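K.L.:
Sending over a structure as structure tokens; questions will come in a sec.
The numbers here are math on the coordinates, done by the rules we state, and not lab data. Computed from a prediction, not measured in an experiment: that's the story for all the values here. Because the Cβ atoms are built from the backbone with ideal geometry, glycine has one as well, and the counts that use them run over all protein chains shown.
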Amino acid sequence: MAIMPGATVRLVPNCTKGGQESVQGVILHIMQGTLDGSDSWFRNPISQASAHFGVGKTGTIYQWVDTQDRAWAQAAGNRTWLSVEHEGYAGTALTAAQLAATAKIIAWAQGLYKFPLQSTDSVTGKGIGWHGMGGAAWGGHTGCPGDPITAQRPAIIAAAKDILTPPTNSSYTVKKGDTLSSVAQDHGVTLAALLAANPSYKSHPDDIKPGDKLAIPPTAAVWVVVTKGDTLSGIGATHHLTLAQIVGLNPQIKDPDTINPGDRVRVA
Ligand SMILES: [Zn+2]
């Protein structure tokens with residue numbers, strides 16, 4: 001079972017169970033239509049077509065095929081590549097929300113299958129490819145997904161790396177009433193980790209005063225990208241956090257009732 005957390009699971013019959021032999025990377029497609037149109041086409045056995053994922057213009061993610069199963073998206077390329085369909089028509093670019101959602105899929109898949117986060121235009125390569133690169137053996141869809149989307153791959157990859165890379169050391173200025181323990185707790189790090197990043201306090205951890213600058217070490221923070229329909233409490237529930245806990249992890253969010261597709265939310 002490999003189902004992406006946060007995806008709307010809408011498994012379709014059009015796939016080869018257990019048929020995903022390996023994963024060289026992810027192939028980008030364009031639907032030449034809508035998310036709902038593709039959804040009904042892929043659950044129609046007559047179409048003999050599917051994809052692992054579909055991404056709507058507003059950032060909705062559908063998972064149609066478990067990634068251990070082979071989707072029917074790019075003929076000879078099906079056995080060793082995952083597939084992502086995009087709502088829209090060839091010749092247009094992905095929306096910002098669509099790009100963020102695709103980056104989310106790629107970040108999740110990369111964590112599982114460890115392909116390099118790079119563009120590739122070769123069927124023997126690894127990374128983020130596009131349907132047309134497979135030529136006739138992949139069904140001859142040379143215009144899929146179209147130049148604007150293949151050209152967005154560096155932006156998709158940068159967004160995926162951003163999701164996967166923990167933040168670096170930040171700085172905090174001590175306020176009245178702070179203790180090292182309270183600063184550690186407020187930033188989601190252990191006291192030991194905070195002392196390791198600020199070794200000068202090791203001999204006198206109680207002796208911090210307002211105005212002191214502390215280095216805050218990177219935590220094993222986990223971020224998710226907001227897609228359409230997400231709420232903060234819903235994201236929290238998925239990650240076993242109360243609304244108060246997820247608000248506490250995300251001081252950058254000014255209004256917990258207003259999160260937008262493409263926003264990043266810390267969940268651990
Ligand atoms: Zn295609």
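K.L.:
May I ask you to work out the translational diffusion coefficient for the chain at 4 °C, viscosity 1.567 mPa s, via Stokes-Einstein with Rh from the Kirkwood sum over Cα pairs, reported in whole µm²/s?
P.N.:
In µm²/s, the coefficient is 64.
K.L.:
Charges only on Cβ, +1 for Lys and Arg, -1 for Asp and Glu: so what's the dipole of the chain about the Cα centre, in debye to the nearest 20?
P.N.:
300 debye
K.L.:
Counting only residues 5 or more places away or on other chains, whose amide H sits under 5 Å from the amide H of residue 223 once H atoms are built in the peptide plane?
P.N.:
Correct list: 267.
K.L.:
Then there is this: Would you compute, from DSSP H runs of 4+ residues alone, the mean residue ellipticity of the chain at 222 nm, taking -39500 (n - 2.57) per run and dividing by the full residue count, rounded to the nearest 500?
P.N.:
-7500 deg cm²/dmol
K.L.:
Here's another thing I want to ask about it. Quick one: what Rg and Dmax do you get for the range 170-216 from the alpha carbons, in Å?
P.N.:
Values for the range 170-216 (Cα only, Rg and Dmax): 9.2, 23 Å.
K.L.:
Follow-up question, since we're still on this one. I'd like the distance separating the alpha-carbon centroids of the range 100-132 and the range 1-74, in whole Å.
P.N.:
So the separation of the two Cα centres works out to 15 Å.
K.L.:
For the chain, what relative contact order do you get, as a whole percent, if you take Cα pairs closer than 8 Å and at least 6 residues apart?
P.N.:
18 percent
K.L.:
Restricting attention to the range 17-76, which trypsin sites (Lys or Arg not before Pro) occupy a DSSP loop and are surrounded by at most 14 other Cβ atoms within 10 Å?
P.N.:
17
K.L.:
Taking the chain as a Gaussian network, Cα atoms linked when under 10 Å apart, which of 141, 52, 29 shows the biggest mean-square fluctuation?
P.N.:
141
K.L.:
Another question, then. Going out from 0 in 10 Å bins, what whole percent of all Cα-Cα distances in the range 1-102 drops into each bin?
P.N.:
All Cα pairs, binned at 10 Å, distribute as 18, 52, 29, 1 percent.
K.L.:
Taking just the C-alpha trace of the range 139-256, give me its Rg and Dmax in Å.
P.N.:
20.2, 70
K.L.:
Tell me, what HN-Hα J-couplings in whole Hz come from the Karplus equation 6.51 cos²θ - 1.76 cosθ + 1.60 at θ = phi - 60° for each residue of the range 40-56, using x for Gly and Pro?
P.N.:
Result, rounded to whole Hz: 6, 5, 6, 9, 9, x, 5, 6, 6, 9, 6, 8, 5, 10, x, 10, x.
K.L.:
Let me ask something else about it. Give the lysines whose C-alpha is closer than 28 Å to that of residue 126, dropping any in the same chain fewer than 8 places away, or say none.
P.N.:
Candidates past the 8-residue exclusion: 17, 57, 104, 114, 161.
K.L.:
Moving to a separate point now. Using every alpha carbon pair in the range 223-266, what percent of pairs falls into each 5 Å bin from 0 up to the bin containing the largest distance?
P.N.:
Bin by bin from 0 Å, the calculated values are 5, 27, 40, 25, 3.
K.L.:
Then there's this: What ranking of 1, 133 emerges when the number of other C-beta atoms within 10 Å of each C-beta is taken as an exposure proxy, fewest first?
P.N.:
1, 133
K.L.:
Taking every pair of alpha-carbon atoms in the range 78-174, give the share separated by more than 21 Å as a whole percent.
P.N.:
Of all Cα-Cα distances in the range 78-174, 36 percent exceed 21 Å.
K.L.:
Please order 222, 12 by the number of other Cβ within 10 Å, starting at the fewest.
P.N.:
So the residues, fewest neighbours to most, are 222, 12.
K.L.:
While we're here: Restrict the search to the range 113-206; then list the trypsin sites (Lys or Arg not before Pro) that DSSP places in a loop and that have at most 15 other Cβ atoms within 10 Å of their Cβ.
P.N.:
114, 175, 176, 202
K.L.:
Next question. Of 231, 102, how do they rank once you tally other Cβ atoms within 10 Å and put the fewest first?
P.N.:
Going from least to most buried by this count: 231, 102.
K.L.:
Would you mind checking which residues have amide H under 5 Å from residue 216's amide H? H placed 1.01 Å from N; only 5 or more apart, or other chain.
P.N.:
170, 171, 172
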